[in-house]
Amino acid sequence: MAAPQLRLDYASTLDTAVGSAHGLSLAEIERAAEPVREAVQRIEAERRAGQHRYRDLPDDAEMRRVVTAAVKRYAARKFENLVVLGIGGSALGNIALQTALNPCYHNVLPARSRRGPRLFVMDNVDPTQFGNLLDVIGPAVKKTLFNVISKSGETAETAAQFLIVRDLLARKLGKGLARNLVVTTDPEGGTMRGIVDAAGYDALPVPPGVGGRFSVLSAVGLFSAGMCGVRIDKLLAGAAAMSRRVAQSNVSKNPAAMLALLLHAFYVRGKRLHVMMPYSYQLKDLADWYRQLWAESLGKADDLDGNRVNLGPTPIKALGATDQHSQVQLYREGPNDKVFIFLEVERFARDVPIPKVAGLPADLAYLQGKTLGRLLNAEKAATEYALVQSQRPCMTIRFPVVSEETVGQFILLWEAATTIAGRLMNINPYDQPAVQLGKEFTFALMGKKGYRQQADAYKAYAKSRGKAAI
Ligand code: PA5
């Protein structure tokens with residue numbers, strides 16, 4: 001039986017649905033397809049020359065072997081907790097995979113009902129949160145595995161967490177601390193690599209040439225997923241299947257090319273806010289993951305020819321049906337500057353019937369005998385209808401089911417769409433120069449050597465900015 005395939009339904013982006021002022025005509029899409037086709041062909045040629053390395057991950061048998069072996073080794077030790085320390089691209093994929101592919105309340109299930117340890121992904125340095133985590137795992141440190149993920153090893157947040165945890169492990173486990181530590185980092189260089197080599201910690205590689213936000217299908221995302229029972233071979237098989245679909249230069253057969261085409265065309269028309277709205281709790285953190293991928297990859301000051309362009313769509317996350325009661329008023333009646341990307345599930349992993357109850361008031365009687373799944377999908381259809389009535393373009397990515405295969409497809413789909421959109425915008429989707437300044441000034445404010453100039457600049461700024469507070 002063929003594996004279930006994601007489908008991109010873009011009928012509600014067309015002028016026939018939302019009118020010509022806000023929708024795209026088929027003729028426009030056809031005209032826009034030519035540069036997209038060329039972009040796809042160029043990207044595929046560049047892949048053959050060794051670029052866009054994230055696309056190789058689904059078929060990287062050696063990477064899969066290394067991760068699977070590590071999972072097997074650590075799973076055998078029956079840890080109660082797995083704590084991932086990382087941020088940005090070193091955390092969001094882990095969270096998304098866990099939410100999508102394990103039960104919603106995985107961590108509160110008894111061990112016998114879970115497929116692995118409880119998982120905590122710490123992607124912040126909020127002292128209350130981190131302190132509370134230490135309270136939870138403190139009594140069980142010996143039964144806790146820590147996976148530190150940092151490609152560079154220099155990220156202040158992850159480095160600080162690592163130092164706290166290493167100290168804790170040293171106090172509780174003494175010389176055996178390394179037994180509860182796996183570090184995922186650059187295999188060749190960087191600060192963390194130096195620490196790992198010097199101390200002999202177990203390490204997993206972040207593949208060279210793969211940036212943080214494109215790395216979920218490497219050891220970065222796969223180790224914690226595998227530890228918690230996610231079938232990583234199926235996840236990669238789904239991604240590999242999508243990788244083949246998005247290599248096609250025929251845009252009408254290539255969902256990443258079509259996504260990039262549509263979202264770029266709307267961007268050019270002034271619809272620069274791209275709202276992803278899953279109607280599925282399981283998919284909600286994939287929308288967070290998408291937010292980083294789309295924003296950090298496409299928000300750029302300069303184009304590839306060195307022109308100052310200050311481009312980039314703003315990705316927004318909403319959750320159906322929750323945000324119908326929070327955002328939809330704005331989405332229908334506020335500025336018509338958004339495109340809506342719904343995520344819809346055809347067959348939920350389970351459904352919950354609404355009981356039949358005698359004597360219900362007529363206002364509620366319509367619900368009885370239906371299911372929550374039917375209600376949620378009716379809300380999606382109704383919200384899309386309402387948005388379309390307000391001439392707001394909408395598209396839907398339809399999951400036949402939420403499974404390792406379809407989640408793998410979704411990840412690769414958006415990664416490839418990001419590369420193509422970057423090409424259409426003539427920017428580099430793989431760098432993030434603007435994140436650097438904040439990092440450097442954090443170093444300066446925390447007294448890191450070599451950042452004296454930034455510390456002085458900050459002092460001057462703080463003095464000159466005047467006073468305006470109430
Ligand atoms: O996508 C990216 O490159 C970033 O979000 C990084 O993943 C993030 O800054 C963490 O970097 P590192 O893994 O080097 O600690």
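Bear in mind these aren't lab numbers, they're just calculated from the coordinates by the rules spelled out. Please read all numbers here as calculations on a predicted model, not as lab measurements. Counting neighbours? That spans all protein chains shown, and the Cβs are built from the backbone with ideal geometry, glycine included.
Overview of values
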item: Computed over segment 277-386: relative contact order in percent, which uses C-alpha pairs under 8 Å that are six or more apart; result: 29
item: Sorted peptide list for 458-466, 215-223, criterion being average Cβ within 10 angstrom, highest first; result: 215-223, 458-466
item: Distance (nanometres) between label positions extended 7 Å along Cα→Cβ at D197 and S390; result: 5.7
item: Cα-based reach from K467 at 18 Å (exclusive), listing lysines while leaving out same-chain residues under 8 positions away; result: K459
item: Segments 58-64, 168-174, 45-51 sorted - mean Cβ within 10 Å per residue, highest first; result: 58-64, 168-174, 45-51
item: Whole-angstrom gap from segment 373-423 to segment 11-89, using each part's C-alpha centre; result: 15
item: For the chain, with +1 on Lys and Arg beta carbons and -1 on Asp and Glu, the positive-most of A75, L330, V230 along the dipole; result: A75
item: Extension gain from A160 to A460, taking 0.36 nm per residue of separation minus the Cα-Cα distance; result: 105.3 nm
item: Around R166: net Lys/Arg minus Asp/Glu count, Cβ-Cβ under 13 Å; result: +3
item: Per-peptide average of other Cβ atoms within 10 Å, ordering 113-122, 426-435, 5-14, 81-90 highest first; result: 81-90, 113-122, 5-14, 426-435
item: Cross-link pairs K300/K338; K271/K300; K143/K449; K338/K380; K317/K439 - those with Cα-Cα distance over 29 Å; result: K143/K449
item: Per-residue Cβ neighbour rank within 10 angstrom, fewest leading, H325, H264; result: H325, H264
item: DSSP-defined beta bridges in the chain - what % are antiparallel, rounded to 5; result: 15
item: Inter-site label distance for V352 and E333 at 7 Å from Cα along Cβ, in nm; result: 3.1
item: Stretchable slack from R452 to V435, in nm (0.36 nm times residue separation minus alpha-carbon distance); result: 4.2 nm
item: Distance from segment 228-246 to segment 270-303 (C-alpha centre basis), Å; result: 21
item: Sites N132 and A111 - FRET efficiency at Förster radius 22 Å, r taken between beta-carbons, to 0.05; result: 0.55
item: Stretch gain in nm, segment S252-Q51, where the contour uses 0.36 nm per residue and the Cα spacing is subtracted; result: 69.9 nm
item: Calculated from backbone phi, Karplus (6.51, -1.76, 1.60) coupling profile of segment 356-369 in Hz, x at Gly/Pro; result: 8, 10, 5, x, 5, x, 3, 4, 10, 4, 4, 6, 5, x
